[in-house]
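Trainee: So that we are looking at the same thing, I have put the structure below in structure tokens.
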Amino acid sequence: MSSYVITIATIIIINAISVCGLNVIVGYAGQISLGHAAFFGIGAYTAALLATKAGISFWAALPCVITISASIGLLLGIPSLRVRDDFLAITTIGINFIVEAVFLYIPFFGGALGIGGIPRIMLFGSKLRGMGFFWLCLFFLVLVLAFCWWFTRSWAGLACFALREEESAANSMGISPVRIKLLAFMIGTAIAGLGGALYAHYMRFISATDFSFPVSIAFLSMLVLGGMGSLWGPVLGALILGILPELFRPIVEYRILVYTLLLLLMIRFQPGGLLGEVSFLRKRLVPLLKGLKP
Amino acid sequence: MHLFFEQLLNGIAMGSIYALVTLGLALVYGILRILHVAHAAVYTVGSYVGLFIFQATGSLLLAFLGGMVFCAGLGILIERFIYFPLLKYPPYVPLIASIAVMLAIEEVCRLIAGPYILTFPAKLPFPELHLGTITLSSTLVAVYVITAIVLLLLWLVTTKTEMGLAMRATSQDIAIADAMGINSHFVVTVTFIIGSAIAAIAGILVGIYYNQVYPTMGTVPAYKTLALIVVGGLGSVPGAVVASLLLGLGETLLIGYANVPLPRDALAFIAMIGVLMWRSEGLLGSR
């Protein structure tokens, strides 16, 4: 494979990991979040700072990155407890803008220059690059997917679904909305932090604009497109929105326009996502798969 | 003191412009419960159309009228073909659609007019005012006067006319308004016409005020106005105006005096989160 394809594939997988985290918050627990890039960024900055300033290796830093992302997710999840739906959407947009501003304006985070010189990840004494890094990301994606699969079958996962469908009913069944929402926020932001750490070590240079609000929109678009609440939705969404811009590369001038129009058409005519419960793809696929089984 | 008053006057002008953009958003949210992010793109389009008409004819009046008509049309198109069919879905669906519309319109502006900053060398036909040692430029006077007229007209329309009554009824409950014989879809269309036309006015005013028109001029207002309608109370038009004026003043004065290490654009959101924690229905909102 050419390095071009490997780069695109690695980025798609990193995005898919992060969107899996968003799926826990939005798809499972039904809490809209338009600030996911902020948590992706918090993971990336934590990993970058630990690697460049403290000289800690990726593997030693990883638990730390995940803990910090999850705690900040928990902290920023608290304002979200008071608000719902549209308020929550705007609050999370606000969180994204504030976090980006902090990265950009506080010298500790590198300011406008960002953080450079992030070392490559070492595995068994060799530096990971190209294909090696791709496999590492794929490994983490499989891990995250396995975790999500397990989560949807756990008590907490089922509580999330109940909360998504009807908060007051779930509450009366003895599910604490506060706990479950915060749990979903924590898991989602921890996964985003993992994605961010991989991103930082792959790019080896990060700056605040990598985690600005449009990135959050891209994440949410991937999730909506793939299908919220489904296990494979985030992967499919990241794949489609990762490949499309590359396909449109020949039409340089009109690339973003075509891309946004396609996004608009999809959300307009297939708002449940491609793997959502009422999508045309699923309507055709499910009978087909059932037909295969005896 | 002199500098302080100048800052104050500039702050009020900023606030007035915010108010003009936020009005449309508050109106639309009041009726459809949709976060109309694409409103900021309508504002950008208004600025461009105004500029092109001004360049072609040299008449500012025609520029304002043309911009308003064009934006009203654009508003109707967005409402009919994007929002209306998506009303039955959860709120994030129209929100994402709205963001996609905004990005698409920005791209169209960039493709048609080019990515560079165009100048808007118009002079508004208002006199300069001298208050003691302070001089109000004609642009500043124009911003005040036009905002005041727009707000007054809007207040008259919503409180004194039958259409305004229908608008208020529809914003309370679409289904019941329908049952009372109000053509709610028509009311929604009128709301979009009013909001979009005001956005065009705001766009042209901003173009002249900063002497700049560029494709991404709507990006920052797009999200800042969201914070403003939350601070004002979602769907409350007076609240949106108050919040806009306060933010305009706060931004100008804080940046001028306190050495805030954050960019002014984050300020709106910090204020918003503060308001949400303290009074989650907003300054003038009601539950």
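What follows draws every value from the coordinates through simple rules; no lab data is involved. The shown structure was predicted, so the numbers you read here are calculated from the model rather than taken from an experiment. Glycine also receives a Cβ, built like all others from the backbone with ideal geometry; neighbour counts cover every protein chain displayed.
Trainee: Which whole-number value in Å³ per residue fits the convex hull of the alpha carbons of the range A:3-292? If you can, show how the numbers build up before the last one.
Mentor: Working: hull volume 44.3 nm³, N = 290.
Per residue, the Cα convex hull of the range A:3-292 comes to 153 Å³.
Trainee: To test your reading of the geometry: what angle, between 0 and 90 degrees and rounded to tens, separates the Cα axis of helix B:264-278 from the longest principal axis of chain B?
Mentor: 50 degrees
Trainee: Let me check the size of the range B:187-251 from its C-alpha atoms; what are the radius of gyration and Dmax in Å?
Mentor: Rg then Dmax for the range B:187-251, in Å: 12.9, 35.
Trainee: Highest mean first, how do B:35-48, B:121-134, B:100-113 rank when packing is the count of other Cβ atoms within 10 Å averaged over residues? Present the calculation step by step, with values, prior to reporting the outcome.
Mentor: On the way: B:35-48: 29.3, B:121-134: 11.8, B:100-113: 20.6.
Output ranking for B:35-48, B:121-134, B:100-113: B:35-48, B:100-113, B:121-134.
Trainee: Mind jotting down a quarter of the surface of the convex hull over the alpha carbons of the range B:90-206, in square nanometres, one decimal? Walk me through the numbers on the way to the answer.
Mentor: Working: hull surface 45.4 nm².
The directionally averaged projection comes out at 11.3 nm².
Trainee: Now a separate question. Once amide H atoms are placed 1.01 Å from N in the peptide plane, what residues at a sequence separation of 5 or more from A:Leu123, or on another chain, have their amide H within under 5 Å of its amide H?
Mentor: Those qualifying (amide H under 5 Å, at least 5 residues apart or on another chain) are A:Leu128.
Trainee: Sticking with this structure for a sec: Once you have the alpha carbon radius of gyration of chain B, what is it after dividing by 2.2 N^0.38 Å, with N set to its residue count?
Mentor: Working: Rg = 18.6 Å, N = 287, 2.2 N^0.38 = 18.9 Å.
Chain B yields a ratio of 0.99.
Trainee: Could you tell me the relative contact order of the range A:113-214? Use alpha-carbon pairs under 8 Å, at least six residues apart, and round to a whole percent. List each step's numbers first, then the result.
Mentor: Details: 53 pairs, mean separation 46.7, N = 102.
The normalised contact order for the range A:113-214 reaches 46 percent.
Trainee: Give me A:Ser207, A:Ser126, A:Ser18 sorted ascending by neighbouring Cβ count inside 10 Å, so fewest comes first.
Mentor: Result, fewest neighbours first: A:Ser126, A:Ser207, A:Ser18.
Trainee: With Rg and the Kirkwood Rh both taken from Cα atoms, where does Rg over Rh land for the protein assembly as shown?
Mentor: Working: Rg = 24.7 Å, Rh = 25.1 Å.
Radius of gyration over Kirkwood radius for the protein assembly as shown works out to 0.98.
Trainee: Quick one: Cα centre-to-centre distance for the range A:109-176 and the range B:94-164, in angstrom?
Mentor: 44 Å
Trainee: Let me ask something additional. At a 10 angstrom cut-off on C-beta neighbours, averaged per residue, how do the peptides A:4-13, B:242-251 rank from highest to lowest? Walk me through the intermediate numbers first.
Mentor: On the way: A:4-13: 16.9, B:242-251: 22.0.
My ranking of the peptides, most packed first, is B:242-251, A:4-13.
Trainee: Report the rotationally averaged projected area of the range B:1-85 based on its alpha-carbon convex hull, in square nanometres. Spell out each step's value before the answer.
Mentor: Details: hull surface 29.2 nm².
Averaged projected area of the range B:1-85's Cα convex hull equals 7.3 nm².
Trainee: Sticking with this structure for a sec: Considering Cα pairs under 8 angstrom that are at least six residues apart, work out the relative contact order of the range A:3-292 and quote it in whole percent. Intermediate values should be presented prior to the final figure.
Mentor: Details: 458 pairs, mean separation 99.1, N = 290.
After rounding, I find 34 percent.
Trainee: Something else now. In the range A:45-104, what is the volume of the convex hull around the alpha carbon atoms, normalised per residue and reported in Å³? Each step should come with its number before you reach the end.
Mentor: Numbers: hull volume 4.7 nm³, N = 60.
Convex hull of Cα atoms, per residue: 78 Å³.
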